[in-house]
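The values are calculated or read from the model by the stated rules, or taken from the named source; none is laboratory data. On a predicted model such as this, the values are computed, not experimentally measured, just so you know. All Cβ positions, glycine included, derive from the backbone under ideal geometry; neighbour counts span all protein chains shown. For accessibility, only protein heavy atoms count, side chains too; no ligands or nucleic acids. Shrake-Rupley method; radii C 1.70, N 1.55, O 1.52, S 1.80 Å.
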Amino acid sequence: MADEAGPLDPNQYRVDDADKGFFSAAISPDEDVVRQRVLDIQKKAYEACPYPCIKKFNFISLRMKGHPTYKEVIAHGGKDSALFLDLGCCMGTDVRNAVYEGYPASQIVGSDVVERYLTLGKELYNDKETGKIKFIAADVFDLPSAPPTAPRLSNVDGVTQLDDLAGSFTFIYIGSIFHFFSAQKQKELALRLLRLWTREPGAIIFGRHQGREEEGYLAQDHAEW
Ligand SMILES: C[S@@+](CC[C@H](N)C(=O)[O-])C[C@H]1O[C@@H](n2cnc3c(N)ncnc32)[C@H](O)[C@@H]1O
C-alpha cells in the first residue's frame, strides 16, 4: 500500500448531512453501501496516487457548491446552450452534484490530467454507461495559450479533445489548483482558462485556491491538496 501521506484511516470518512441527498441519489440510499463504495475507491485511488487529498476524502467533498457564484450558475440552468467546465475535476463529484441540482449533464465537461481519477469517478458513481457528463483527460498546459480562433461550439457531441472546446465555455470552475504552481505557471494557467472561455457577457470563471497575504510561496506541507 502506498504510504506517502501515511496509511489510510477509514475513521476519517464522513459525509455532511447537507450532502447526504446527493450521495443517496448518486450512489445508494443505503449509507453503508455509500461508505463501502467510497472506501473501496479511495483504496484504488491511493494505490495509484498516494496524495493527502485522497487520504482526506476530498474527492467526495462538495466544494464547488460552497462558492458564492455557484447558485447563479445553477440558476442559469444551461440556457442558450451554455457549456460548463470543471477544470481539475478529480473524480467528478462536484459536476455530478451540479447535475443533481439542475444543470443539464449533456452541457457539462469535467477534465483532469489524471485519467485514473476520471475512471474511478465512473466506478464510484456507477455511471460509466449511463452518465451524460463528458469527461476528458487532459493536461491544461498542453493547450495553446493563444486566444481561440474556431467558432464557439454549442454542444459537446463528438468532442474528444479539450481544445476542441476552445472559446466554448460560458462557465468555468477551477478549484484548488492555482496554488500548486509558480507565479509564471499561474499566468500560463490563466491564459488557458481564457482560451477555453467564451468571453461573452454573463460568462463566468470562478474557483477557490489557497493564497498568502504577501507575495511568496506556501510551505509544501501547508498547501491544500
Ligand atoms: C487538489 S485537487 C482539486 C480537486 C477539485 N477541483 C477540488 O476543488 O476539490 C487538484 C486537481 O487538479 C488536477 N490537476 C493538477 N494539475 C493539472 C493540470 N495540469 N491539468 C489538469 N488538471 C490538473 C489534479 O489531478 C487534481 O485532480
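How many percent of Cα pairs in region 10-60 exceed 16 Å? Every Cα pair in region 10-60 considered, those over 16 Å come to 37 percent. Scalar couplings 3J(HN,Hα) for region 60-76, obtained by applying the Karplus form with A = 6.51, B = -1.76, C = 1.60 to θ = phi - 60°, are 10, 8, 8, 8, 4, 5, x, 6, x, 7, 4, 4, 5, 5, 5, 5, 4 Hz; x denotes Gly and Pro.
Split the accessible area of the chain by element, probe 1.4 Å, and carbon with sulfur accounts for 49%. Of the residues 97, 41, 126, the one whose Cα sits farthest towards the positive end of the charge dipole of the chain is 97 (charges of +1 on Lys and Arg Cβ, -1 on Asp and Glu Cβ, taken about the Cα centre). Highest GNM mean-square fluctuation, the chain, Cα pairs closer than 10 Å: which of 132, 79, 122? Judging by the Gaussian network model, the answer is 79.
Run the Debye formula on the Cα coordinates of region 165-225, all scatterers equal and no solvent, and tell me log10 I(q)/I(0) at q = 0.17, 0.20, 0.30 1/Å. After summing over all Cα pairs, the log10 values are -0.64, -0.80, -1.28. Using Cβ point charges alone (K and R +1, D and E -1), the dipole size of the chain about the Cα centre works out to roughly 380 debye. In the structure shown, the pairs 128/187; 43/185; 56/122; 20/128; 56/185; 132/185 are assessed against 24 Å; a Cα-Cα span above that value is assigned to 128/187; 43/185; 56/185; 132/185.
The GluC sites (Glu not before Pro) of region 145-224 meeting both criteria, a DSSP state outside H, G, I, E and B (loop) and at most 12 other C-beta atoms within 10 angstrom of the site's C-beta, are 213, 214, 215. Note on the chain: Rg/Rh from Cα positions, Kirkwood definition for Rh, rounded to two decimals, is 0.95.
Counting pairs of alpha carbon atoms under 8 Å apart in space and at least six apart in sequence, what relative contact order in percent does the chain give? So the answer I get is 18 percent. Residue-wise HN-Hα couplings along region 138-154, as the Karplus relation 6.51 cos²θ - 1.76 cosθ + 1.60 with θ = phi - 60° gives them from phi, are 6, 8, 4, 6, 6, 6, x, 8, 6, x, x, 10, 6, x, 4, 8, 9 Hz; Gly and Pro carry x.
Please give the charge dipole size of region 10-60, origin at the Cα centre, charges +1 on K and R Cβ atoms and -1 on D and E Cβ atoms. Round to the nearest 20 debye. Write out the running numbers ahead of the final one.
Details: 8 positive and 8 negative charges, 53 e Å.
That gives a dipole near 260 debye.
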